[in-house]
Amino acid sequence: MAEINRIVILTGAGISAESGIDTFRSEGGLWEQHRIEDVATPEGFARDPDLVLGFYDMRRAALSKAEPNDAHRALARLEREFPGELLLVTQNVDDLHERGGSRDVLHMHGELKSALCASCEIRSAWDAPMSATGGQRPQCPVCQAPTLRPDVVWFGEMPYQMDRIYAALGAADLFVSIGTSGGVYPAAGFVQEARQSGARTLELNLEPSEGTHFFHEARHGPAGQLVPRWVD
Ligand code: BV8
């Protein structure tokens, strides 16, 4: 195979499943427990901020009990083997890649442990529950306005650092998609971007994703087994 030195990896909820974090579309997943339009859209937040803040508090609490798994740790090893040549893009808002040892993680859909102030637009690290106490939303630690929201990208909002992602896809030799159903854009379109720039493309997922036919190669099984085997 041609010299591989520029790698783009995209991860989704499936890479955190073996750490006990609910995925979205699997049996009993998050989108079975809540309607997307109620908890993952700006309109839903405007309609019922307490419901949305409670949804993210529940996920933050679940994350505090979760540990990174062998797949997260294997990607951290790969990052050390390809210093400066690997871009890890995650759709996940958990911090398990960082806790598994990855140092440069691009959270295109934001982070559970970050808060965004709708007034001053400053981000602040946020670990505490955000659900409104008595209808009061938490104050921004910078401008003191009671307008904090979860720093996550909802449906209809622009994902973060898209220019950096598209530039990396345009220069990639290898694109690997791990643990994602390939149902949400623009992430689901990254494999086609990578192919157009001549990259090899590999899917590592429990089962064929919606876009599996776009990949040169697909391996199916739990990420905790597939990813270390692929990396090592
Ligand atoms: C946007 C953050 C404009 C919050 C999330 C075409 C082009 C562009 C946009 C659209 C388009 N068509 C439609 C749209 C709009 C929309 C969209 O895609 N809708 C879908 C429903 C059709 N997209 C948007 O609104 C996006 N914004 O488009 O802005 C724009 C356009 C172009 C360029 C720039 C801007 C914003 C979308 C982001 C929404 N936020 N999350 C939060 O986390 O609460 S989405 C959420 O679902 C995740 O972040 C993730 O991105 C997404 C998909 O979830 P997955 O990670 O794939 O998880 P899922 O449960 O679905 O699948 C898990 C997989 O793992 C499964 O395949 C399973 O088999 C596997 N698995 C399970 N266990 C394991 C495993 N694999 C391995 N091992 C295991 N053990």
Of (1) more than 13 Å from the ligand (Cβ to nearest atom); (2) modelled with pLDDT of 95 or more; (3) not polar (S, T, N, Q), P42 satisfies every one except (1)
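So if I check each of G182, G221, which one is more than 14 Å from L75 (Cβ to Cβ), near the ligand (Cβ under 10 Å from one of its atoms) and surrounded by fewer than 20 Cβ atoms within 10 Å (Cβ to Cβ)?
Details: G182 fails: surrounded by fewer than 20 Cβ atoms within 10 Å (Cβ to Cβ).
Every option except G221 fails the conditions.
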Of the residues that make up region 126-142, is at least one assigned by TED's automatic domain parsing to the domain that holds T41 and aromatic (F, W, Y)?
yes
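Could you say which residue among V231, V191 is more than 14 Å from L10 (Cα to Cα) and among the β-branched types (V, I, T)? Walk me through how you get there before you give the answer.
Numbers: V191 fails: more than 14 Å from L10 (Cα to Cα).
Result of the check over V231, V191: V231.
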Which condition does M58 not pass, out of (1) within 19 Å of A17 (Cα to Cα); (2) outside the structural domain of S16 (by TED's automatic domain parsing); (3) at pLDDT 95 or above, if it passes all the others?
(3)
Residue tally, condition among the hydrophobic types (A, V, I, L, M, F, W, C), free of Cβ contacts under 8 Å to residues at least 60 places away in the same chain and under 25 Å from A74 (Cα atoms), over region 94-142
3
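Residue under question is F155, and the condition is that it be more than 26 Å from R80 (Cβ to Cβ), aromatic (F, W, Y), out of contact with any His (no Cβ under 9 Å at 6 or more places or on another chain) and in contact (Cβ under 8 Å) with a residue 60 or more places away in the chain; does it hold? Talk me through it step by step, then tell me what you get.
Numbers: more than 26 Å from R80 (Cβ to Cβ): yes; aromatic (F, W, Y): yes; out of contact with any His (no Cβ under 9 Å at 6 or more places or on another chain): yes; in contact (Cβ under 8 Å) with a residue 60 or more places away in the chain: yes.
Yes, satisfied.
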Could you grab me the full set of residues in region 144-162 that are surrounded by 13 or more Cβ atoms within 10 Å (Cβ to Cβ) and more than 15 Å from the chain's Cα centre (by Cα)?
A145, P146, T147, L148, R149
Return a yes/no flag: does region 217-224 have any residue that is within 15 Å of T11 (Cβ to Cβ) and of a type in the set (D, E).
no
Considering region 92-109 alone, what residues qualify as being assigned to a loop (DSSP other than H, G, I, E, B), under 18 Å from V8 (Cα atoms) and among the charged types (D, E, K, R)?
R103, D104
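The values are calculated or read from the model by the stated rules, or taken from the named source; none is laboratory data. Worth saying up front: this structure is predicted, and the values here are computed from it rather than measured. Methodologically, a virtual Cβ is constructed for each residue, glycine included, from the backbone with ideal geometry; neighbour enumeration extends over all protein chains shown.
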